[in-house]
Each structure stands twice: as structure tokens, then as C-alpha cells.
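The next block holds one structure in the form of C-alpha cells; read it before the comments.
Read-outs throughout are calculated quantities, based only on the coordinates presented, and are distinct from any laboratory measurement. Owing to the predicted nature of the structure, the values given are computational and were not obtained by experimental measurement. Note that each Cβ is placed from the backbone with ideal geometry, even for glycine, and that neighbours are counted across all protein chains shown.
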Amino acid sequence: MRTKPIQRDEIRLDGLRIIALPINSVRRGKNGLEPIKKLWAPLLRSINAEEKKQWEDWVRRGISSREKFEPIRVLLSDVRHSPLSGHVRYYHAEKSKCQQCEREFYCLNGGYYCSDKCVAEAHKAAMVPITKARAKARAAARADRKCEGCGKPINAKRSTMRFCSVRCRVAAHRSSAAA
């Protein structure tokens with residue numbers, strides 16, 4: 001049985017609702033899967049502290065007033081507002097395997113990843129070929145560029161580079177100002 005508390009990088013949050021959680025952080029109860037409160041308490045306190053800090057910042061900046069918005073507090077004692085509350089017993093939680101780290105977890109929405117960290121890593125890996133293709137296209141657009149001052153070929157590092165040196169740039173600026 002697990003003894004270490006749940007860490008933020010082991011779960012997925014959708015707002016303040018937990019949508020993916022480690023298998024060893026819950027147990028089967030009479031009402032479905034129930035959280036092991038001792039393991040969840042430190043994480044829920046930290047989420048609650050972040051929410052309170054954000055709320056205080058909004059009030060300080062005048063974005064929201066207490067009449068318009070009450071922050072949702074994540075508390076173990078308050079069943080109504082806890083992401084692990086009594087009415088959110090994990091009846092429809094299904095075992096799944098993370099496509100990024102291959103760790104087993106319980107998922108509430110049919111997702112593919114066990115934590116927000118795995119989602120970020122998968123997104124980063126998916127973006128690598130796109131980023132490389134974009135860089136290649138930009139390099140091709142900069143290729144075969146010539147200096148507007150002297151006409152020499154330029155190895156342009158930026159898309160806005162028009163001159164081979166400061167001397168050519170200043171000379172071109174002076175000639176256009178004199179004309």
C-alpha cells in the first residue's frame with residue numbers, strides 16, 4: 001500500500017476537478033472508488049492555498065468582488081466543493097495506461113495521459129516535427145538574399161536582415177535621406 005502523499009505531477013486537473021488519478025491512491029468502498037484521504041490531504045491543501053492566493057490577487061486588482069464570485073475551495077472536510085467529494089465517487093472511473101509513461105491510472109473522462117506533466121511532454125514531442133519544418137521553411141525564405149547596399153550575398157539570420165553589415169546599412173540610410 002502507498003504511504004507517500006500524492007504529488008501535483010501525478011494527477012490531471014480540469015479546473016479544480018481531478019480527472020486522472022494514480023491507482024494506488026484510492027480504494028474500493030461500498031460507493032465505488034474512494035480516495036485515501038491521508039494521501040490526498042497535502043495536495044488538496046496546496047491546491048486550496050493556490051486558489052486562495054489567486055482569489056486575493058483578483059480582489060486586490062479589483063477584477064472580482066465577493067458578491068460576484070466566491071472561490072471554490074478544495075477541502076477534504078467540505079464534501080460539496082472537494083474534487084474527491086462524496087457525490088463524485090468514481091463510479092465511472094476506468095483503468096487506463098498512460099500513452100506517454102505507460103503507468104496505469106484511473107481516468108474519469110477517457111483520457112490518454114495520467115498527469116498534466118505527461119500531457120505537456122506528449123505535446124512537446126508532437127510539436128518537434130512541426131517546429132523543425134517551420135524553421136526549415138523560414139531558412140529557405142532567407143536563402144539567396146543579397147545586400148541592398150552592395151549586392152553581396154547575405155547569410156541572413158533573421159527574416160528582416162537586408163544588409164550585410166552596419167556600414168552598408170548606414171550608407172543606404174544616408175543615401176536615402178540625402179535624396
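Please compute the Kirkwood hydrodynamic radius over segment 90-131, one decimal place, Å, based on all pairs of different Cα atoms.
Working: mean 1/r = 0.0912 Å⁻¹.
Computed over segment 90-131, the radius equals 11.0 Å.
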* **Under 16 Å from the L13 label point (7 Å along Cα→beta-carbon), backbone N, segment 116-137** => 116-120
* Pairs to check: K30/K97; K30/K117; K52/K132; K97/K136. Give those whose C-alpha atoms are more than 30 Å from each other in this structure. => K30/K117; K52/K132; K97/K136
* To do: Would you pull out the residues with amide H under 5 Å of G149's amide H, same chain only if 5 or more places away, H placed 1.01 Å from N?
  => C164
* Structure fact -> Neighbour-count ranking for I47, I63 (other C-beta within 10 angstrom, fewest to most) reads I63, I47
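Grab the Cα-Cα distance for D57 and I23, subtract it from 0.36 nm times how many residues apart they are, and report the gain in nm with one decimal. Could you put the intermediate results ahead of the total?
Details: separation 34, 0.36 × 34 = 12.24 nm, distance 3.52 nm.
Extra length from D57 to I23 when fully extended: 8.7 nm.
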* For segment 39-51, in order, what is each residue's ³J(HN,Hα) by Karplus, 6.51 cos²θ - 1.76 cosθ + 1.60 with θ = phi - 60°, in whole Hz (x at glycine and Pro)? -> 7, 8, 3, x, 5, 5, 5, 5, 5, 4, 5, 4, 5
* Karplus-derived 3J(HN,Hα), 6.51/-1.76/1.60, for each residue of segment 103-113, Hz, glycine and proline x -> 8, 7, 7, 9, 10, 9, 10, x, x, 10, 10
